[in-house]
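> Dumping the structure here so I can ask a few things about it.
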Amino acid sequence: MANQSDSEFEAARAEVDELRENIARWADAYYLQDAQEVTDAEYDAAMERLRALESEFPELESQDSPTHTVGGRASTLFAPVVHRERMLSLDNVFSAEELEAWLERADEAAGGNVRWLTELKIDGLAISLTYERGRLTRAATRGDGRTGEDVTENIAYIGAIPQRLERDGHDFPEVVEVRGEVFFAVEDFRRLNALQVDSGEAAFANPRNAASGSLRQKAEGKTPEKLALMRDRLSRLSMYVHGIGAWQTPPVENQSEIYELLAGWGLPTSPHSKVCASVAEVLEFVVETGERRAEFEHELDGVVAKVDNLDLHEELGATSRAPRWAIAYKYPPEQVHTELLDIRVGVGRTGRVTPYAVMRPVKVAGSTVSFATLHNQEIVRAKGVLIGDTVVLRKAGDVIPEVLGPVLELRPEDARAFEMPAECPECGAALRPMKEGDIDLRCPNAESCPAQVRGRVEHIGSRQGLDIEALGEVTAAALTQPDSTDDPPLRTEAGLFDLDIDRLVPILVTVRDAETGEPRMNEDGSPVRRTPFRVAEKTYPPGSGAEEMTLAERRAAGLRKDYLAYRPSKQAQKLLDELEKAKTKELWRLLVSLNIRHVGPVAARALADWFGSLDAIRAASVEELSAVEGVGPIIAESVVEWLKVDWHLEIVDRWTAAGVRFSTPGHPGPGKTDDIEGPLSGLTVVATGTLEGFTREGAKEAIIAAGGKAAGSVSKKTDFVAAGPGAGSKLSKAEDLGIPVLDADGFRLLLEGGPEAVAHLAGEED
Ligand code: IVH
């Protein structure tokens, strides 16, 4: 019995781990790369499943879980800005019934007779604008809700956003944070994309991506032409305010009156909001808006209903991610028809072969779509689609649509069923299920199937792996499947830490769709190609001596800058620098980077904490491994099996030879780490944000070396939190739980002298 529930728990842990990993990756793509890997509906379904598992297995709860956080992350491209007041997200409902039930509940909680303010949910990018004595002093994106990115410089080019508030008789508060949505109006988006295509650039997938991409550009390093283009784009952006952040005492009672006040100061407000006296009126607004959805000046993905009264906002409060006084109703996805031209298969990191639909290009949510994943052959069968069918696609305000099924009336006579290919489309190996009874087919050529190597290398660079910003989708493809050579810099990941700049510079690569591996196309039908590691420069012919001549001499010799030379791009150096740093990252990250099946961040942390080194893990038996809390037999077996394979060991050996450190300094060897005697014996400490004088790993190592347990998330069991600038949800959680918070100096005192040394500081925190 005990065993049965243990393995259930382990399976749930593995699933939770995978869901969190996926959600984090999708969110990163969405917020940082202005790309979308899955449909909104798939994202929402993954969140629902994660919520269900967390409530069934409360031990798997974690404050860092996406179910408790706002979703975004501030990139490192812009300076971090701590919002004066947190920027929350909104909870969603997806049906009229759910909406009605939510409104009724909120009405009751607020004492009845609530006045509602209904608005359009603009598909754009949230912005926080700080005005001090009427002057715009800062503009920031939402980021993780606590810390956003400073985009003040770029905002200056958006004409719709006033730099100074107008006086309309009402005094400005000393400081006010105004919240709003930056977006491209449909018409401006159309013009922008026409311009992009004219100037030889790729068109934007949808207005949201375009808005985010435009706002989050750096002027630095741009040629004057590119800079002008960037500013032109910015100038076309619009903004509507939809709330306030920090404001000492607003002089009015209702959010609708706040909008009037803000409009009086010259801030743009939406002409489409409406005050509703009852739940019935809100529902009516939702229906009417849905019918007129295509008529508005901007794209919308739903309606937001807010309690109008500001005192009730205070009273109802908020969860860690969303207010309890507002709700977003998302419209059901729209559907379009197109022809299913073919079903092909793509190969993922683990060799899993996934069928996908190739369709006649069709406009969906502002973008032209040609591919959609079909998951596996069972799903293809269940959907009942044949090649040649007209199919129904779901439009969910996304880039990547979902095939729902065939339009049977339109089925042509020669429509044919999809058959799973017998061979891997990327390496030709015979496909087979991993074990009997598996639905999924896999390519068994894990070592050298280029699609699998590419997937693994990308995984190594991901946030859950070694978190190497310069090692993303395109770079991983460039290193493993460049166009320009049959001899890629990486045949497997074994050579990752031996790369040098000369190998990188010449690379030319075709950009591929992450899911399908199909080349991305330019508007003119040619494949999108990049040279990520070099920049071209016009110069004088080499050896001509032109550099030493005067202008007149050069003229006389007929020398012009007509020779194209290449030099390494910043990206190339950045990749090498980041790889160098990655060599001494935390052990758990290196374990994740080995791409061992079932070893995600949670299992890797458990293994790293207990064993302290890869050598110790290698010396352990399946029984010893599975005895570790959070590991269990499935993971243990997978680790032992992985370590038996020669080419896997070659990865470990070559990485080690290149200086990769597969151990945690100061770790006492297998066993409970709190056995070390030191000032922090028996204490659990969480380090978060940038602690001056410590790297992230350094802080953890210091905690372990002082005998403490370095935990990744804050809970009631946490004794201290060391927090520096950029600390996010962990800091707020510590404050909520009343856990003493230390800055870098306090942290140093704690490490040297234990809790007594900081007793006076912790007292001050209260
Ligand atoms: S109010 C505290 N109103 O939707 C709640 N948000 O999915 C603040 N959004 O982060 C949000 N239109 O960026 C509000 N009329 C509207 C909105 C709106 C779009 C965005 C906003 C928010 C996101 C949540």
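The values are calculated or read from the model by the stated rules, or taken from the named source; none is laboratory data. Note that the structure is a prediction, hence the values are computed from the model and not measured. Neighbour counts are summed over all protein chains in view; Cβ atoms, including those assigned to glycine, are modelled from backbone coordinates with ideal geometry. For accessibility, only protein heavy atoms count, side chains too; no ligands or nucleic acids. Shrake-Rupley method; radii C 1.70, N 1.55, O 1.52, S 1.80 Å.
> Inside region 237-253, can you point out the residues that are under 26 Å from the mean Cα position of the chain (by Cα) and in a loop (DSSP other than H, G, I, E, B)?
Residue satisfying the conditions is L237 alone.
> Restricting to region 527-568, what's the tally of residues that are farther than 22 Å from L479 by Cα and of a type outside the set (D, E, K, R)?
Taking region 527-568 first, the residues farther than 22 Å from L479 by Cα are 537-564.
If we keep only those that are of a type outside the set (D, E, K, R) as well, we get 539-546, 549-552, 556-559, 563-564.
Looking only at that region, the number is 18.
> Could you tell me whether T319 is modelled with pLDDT under 95 and within 16 Å of the ligand (Cβ to nearest atom)?
Details: modelled with pLDDT under 95: yes; within 16 Å of the ligand (Cβ to nearest atom): yes.
Yes: the conditions hold for T319.
> Within the group R208, R231, which residue is away from the ligand (no atom under 15 Å from the Cβ) and either basic (K, R) or touching a strand residue (DSSP E or B) at 6+ places or on another chain (Cβ under 8 Å) (or both)?
Working: R208 fails: away from the ligand (no atom under 15 Å from the Cβ).
When all the criteria are applied, what remains is R231.
> Follow-up. With respect to S715, determine if the residue is of a type in the set (S, T, Y) and open to solvent by 30 Å² or more (accessible area, probe 1.4 Å).
Yes.
> Being β-branched (V, I, T) and either part of a loop (DSSP other than H, G, I, E, B) or within 16 Å of the ligand (Cβ to nearest atom) (or both) is the filter here, so list the residues in region 333-368 that pass it. Even if it seems obvious, please write down each step before you answer.
Start the filter on region 333-368 by keeping residues that are β-branched (V, I, T), which leaves 336, 338, 343, 345, 347, 350, 353-354, 358, 362, 364, 368.
Scanning region 333-368 gives a single hit, T350.
> From the list D483, D513, pick out the single residue that is open to solvent by 50 Å² or more (accessible area, probe 1.4 Å) and in contact with a strand residue (DSSP E or B) (Cβ under 9 Å, 6 or more places away or on another chain).
On the way: D513 fails: open to solvent by 50 Å² or more (accessible area, probe 1.4 Å).
Going through D483, D513 in turn, just one is open to solvent by 50 Å² or more (accessible area, probe 1.4 Å) and in contact with a strand residue (DSSP E or B) (Cβ under 9 Å, 6 or more places away or on another chain): D483.
> Only residues that are part of a loop (DSSP other than H, G, I, E, B), within 22 Å of R661 (Cβ to Cβ) and out of contact with any Pro (no Cβ under 9 Å at 6 or more places or on another chain): list them for region 692-716, please.
Our first condition is that a residue be part of a loop (DSSP other than H, G, I, E, B); within region 692-716, this holds for 692-695, 706-708, 711-716.
Within this subset, residues satisfying the condition of being within 22 Å of R661 (Cβ to Cβ) are 693-695, 706-708, 711-712.
Answer for region 692-716, where residues must be part of a loop (DSSP other than H, G, I, E, B), within 22 Å of R661 (Cβ to Cβ) and out of contact with any Pro (no Cβ under 9 Å at 6 or more places or on another chain): G693, F694, T695, A711.
> When you check R167 against the structure, is it touching a strand residue (DSSP E or B) at 6+ places or on another chain (Cβ under 9 Å), farther than 30 Å from R292 by Cα and open to solvent by 30 Å² or more (accessible area, probe 1.4 Å), yes or no?
Values: touching a strand residue (DSSP E or B) at 6+ places or on another chain (Cβ under 9 Å): no; farther than 30 Å from R292 by Cα: yes; open to solvent by 30 Å² or more (accessible area, probe 1.4 Å): yes.
No; evaluated as a whole, the condition is false for this residue.
> Identify, please: which residue in region 408-419 is in contact with a strand residue (DSSP E or B) (Cβ under 7 Å, 6 or more places away or on another chain) and surrounded by 13 or more Cβ atoms within 10 Å (Cβ to Cβ) and is, among those, nearest to I343 (Cα to Cα)?
Within region 408-419, the subset in contact with a strand residue (DSSP E or B) (Cβ under 7 Å, 6 or more places away or on another chain) is 410, 415-416, 418.
Narrowing the set further to residues that are surrounded by 13 or more Cβ atoms within 10 Å (Cβ to Cβ) leaves 410, 415, 418.
On the way: L410: 18, A415: 12, F418: 7 Å.
Per the criteria, the residue is F418.
> When you scan region 469-491, how many residues do you find that are more than 26 Å from the chain's Cα centre (by Cα) and in contact (Cβ under 8 Å) with a residue 40 or more places away in the chain?
Total meeting the criteria: 2.
> Report whether or not R567 is in contact with a strand residue (DSSP E or B) (Cβ under 9 Å, 6 or more places away or on another chain), outside any helix (DSSP H, G or I) and open to solvent by 20 Å² or more (accessible area, probe 1.4 Å).
yes
> Just to be sure I understand the filter: pairs with C-beta atoms under 6 Å, separated by 6 or more residues or on different chains, first member in region 236-248 and modelled with pLDDT under 95, second member of a type in the set (D, E) and within 13 Å of the ligand (Cβ to nearest atom). Which pairs pass?
Matching pairs, first to second residue: G245/E85; G245/E177; A246/E85; A246/E177.
> Right, another one. Of the residues L234, L312, which is in a helix (DSSP H, G or I) and open to solvent by 20 Å² or more (accessible area, probe 1.4 Å)?
Values: L234 fails: open to solvent by 20 Å² or more (accessible area, probe 1.4 Å).
Just one listed residue meets the conditions, L312.
> Checking the conditions here, which among W642, W655 is buried (at least 22 other Cβ atoms within 10 Å of the Cβ) and either among the basic types (K, R) or within 19 Å of V453 (Cα to Cα) (or both)? Quick ask: steps written out before the conclusion?
Numbers: W642 fails: buried (at least 22 other Cβ atoms within 10 Å of the Cβ).
The match here is W655.
> Ok, one more. For region 116-154, enumerate the residues that are more than 24 Å from A246 (Cβ to Cβ) and open to solvent by 10 Å² or more (accessible area, probe 1.4 Å).
The initial filter retains those residues of region 116-154 that are more than 24 Å from A246 (Cβ to Cβ), namely 116, 118, 120, 123.
Listed by number, the residues that qualify are L120, D123.
> Taking the condition of being of a type outside the set (S, T, N, Q) and either open to solvent by 40 Å² or more (accessible area, probe 1.4 Å) or within 15 Å of the ligand (Cβ to nearest atom) (or both), how many residues in region 261-275 meet it? Give the steps one after another, and end with the answer.
Of all residues in region 261-275, those of a type outside the set (S, T, N, Q) come to 261-268, 271-272, 274-275.
After this cut, where a residue has to be either open to solvent by 40 Å² or more (accessible area, probe 1.4 Å) or within 15 Å of the ligand (Cβ to nearest atom) (or both) as well, the list is 262-263, 267-268, 271-272, 274-275.
Number satisfying all stated conditions: 8.
> Which residue, of E701, E697, E637, is in contact with a strand residue (DSSP E or B) (Cβ under 9 Å, 6 or more places away or on another chain) and charged (D, E, K, R)? Explain how you work it out, then say what you get.
Values: E697 fails: in contact with a strand residue (DSSP E or B) (Cβ under 9 Å, 6 or more places away or on another chain); E637 fails: in contact with a strand residue (DSSP E or B) (Cβ under 9 Å, 6 or more places away or on another chain).
None of the other options fit; the residue is E701.
> Among E288, E299, which is out of contact with any Gly (no Cβ under 6 Å at 6 or more places or on another chain), more than 13 Å from the ligand (Cβ to nearest atom) and open to solvent by 30 Å² or more (accessible area, probe 1.4 Å)? Explain how you work it out, then say what you get.
Values: E299 fails: more than 13 Å from the ligand (Cβ to nearest atom).
So the residue among E288, E299 that is out of contact with any Gly (no Cβ under 6 Å at 6 or more places or on another chain), more than 13 Å from the ligand (Cβ to nearest atom) and open to solvent by 30 Å² or more (accessible area, probe 1.4 Å) is E288.
> Another question, then. So which strands (runs of 3 or more DSSP E) stay within region 80-172 end to end and still have 3 or more residues that are away from the ligand (no atom under 15 Å from the Cβ) and farther than 20 Å from E260 by Cα?
Numbers: elements: 80-82, 116-122, 125-132, 135-141, 147-149.
Hits in region 80-172: 80-82.
> If you don't mind, another one. Scan region 175-182 and tell me whether some residue there is open to solvent by less than 50 Å² (accessible area, probe 1.4 Å), assigned to a loop (DSSP other than H, G, I, E, B), under 29 Å from P332 (Cβ atoms) and touching a Ser or Thr at 6+ places or on another chain (Cβ under 8 Å).
Of all residues in region 175-182, those open to solvent by less than 50 Å² (accessible area, probe 1.4 Å) come to 175-182.
Checking the rest, the ones that are also assigned to a loop (DSSP other than H, G, I, E, B) come to none.
No: region 175-182 contains no residue that is open to solvent by less than 50 Å² (accessible area, probe 1.4 Å), assigned to a loop (DSSP other than H, G, I, E, B), under 29 Å from P332 (Cβ atoms) and touching a Ser or Thr at 6+ places or on another chain (Cβ under 8 Å).
> Residues that are within 23 Å of R25 (Cα to Cα), at least 2 per element: which helices (runs of 4 or more DSSP H) completely within region 573-631 meet that? Walk me through how you get there before you give the answer.
Working: elements: 587-593, 601-611, 614-619, 622-626.
Counting at least 2 such residues, we get 587-593, 601-611.
> Right, here's the next one. Name the pairs whose Cβ atoms lie under 9 Å apart, with the first residue in region 623-635 and in contact (Cβ under 8 Å) with a residue 12 or more places away in the chain, the second part of a helix (DSSP H, G or I) and hydroxyl-bearing (S, T, Y), and 6 or more positions between them or separate chains?
Pairs found: G632/S7; G632/S626; P633/S7; P633/S626; I634/S7; I634/S626; I635/S626.
> Follow-up question, since we're still on this one. Please work out if K330 is crowded, with 17+ Cβ neighbours inside 10 Å, modelled with pLDDT of 95 or more, near the ligand (Cβ under 10 Å from one of its atoms) and charged (D, E, K, R).
Working: crowded, with 17+ Cβ neighbours inside 10 Å: yes; modelled with pLDDT of 95 or more: no; near the ligand (Cβ under 10 Å from one of its atoms): yes; charged (D, E, K, R): yes.
Answer is no for this residue.
> Yes or no: region 449-461 includes at least one residue that is touching a Lys or Arg at 6+ places or on another chain (Cβ under 9 Å) and assigned to a loop (DSSP other than H, G, I, E, B).
no
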